[in-house]
1. Can you tell me the relative contact order of segment 16-92? Whole percent, Cα pairs under 8 Å, sequence separation 6 or more.
2. Okay, helix-only estimate at 222 nm for the chain: each DSSP H run of n ≥ 4 adds -39500 (n - 2.57), divide by all residues, round to 500 deg cm²/dmol; what do you get?
3. Measuring from label point to label point, each 7 Å out along Cα→Cβ, what is the V8 to R51 span in nm?
4. Along segment 2-13, what does the Karplus equation 6.51 cos²θ - 1.76 cosθ + 1.60 (θ = phi - 60°) give for ³J(HN,Hα), rounded to whole Hz, x for Gly and Pro?
5. So which of K15/K62; K18/K40; K15/K40 end up more than 19 Å apart, counting from Cα to Cα?
Amino acid sequence: MTSQKIGVLVAIPIKGRKLVNRTGGKQSPYVQLKLGEQKKRTRASLIASVRLDVFQDQLDMKVSIFDEGKKGELVGDGILLLNEVIDKGELD
């Protein structure tokens, strides 16, 4: 049985703050979003939107920040619950 598509999420990563820099030097962070089997990423030097299909049974999105300059080293990650986004229509 396939899950019902309930919409399209448009995510616009704008700015990273208080990013942990374990190795020193300048970081080139990029964002990777994973929702179900879909995985999208931004570019380090470009602010751009990312579109992901949202399905009823896939409401937990993993957000990961990587440092492109350090061979894709993980800077940090977390889970964003999309229930609030769906209820409000947006989330800052």
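Where a number appears in this text, it was derived from the coordinates with a stated rule and is not lab data. Note that the coordinates shown come from a computational prediction; the quantities given were computed from them, not determined experimentally. Note that we place each Cβ from the backbone using ideal geometry, even for glycine, and neighbour counts take in every protein chain shown.
1. On the way: 112 pairs, mean separation 21.6, N = 77.
Dividing the mean separation by the residue count of segment 16-92 yields 28 percent.
2. Only helices count here, giving -1500 deg cm²/dmol.
3. Distance between label points: 0.3 nm.
4. Here the 3J(HN,Hα) series is 8, 7, 7, 6, 10, x, 10, 8, 10, 9, 10, x Hz.
5. Violating the 19 Å limit, Cα to Cα: K18/K40.
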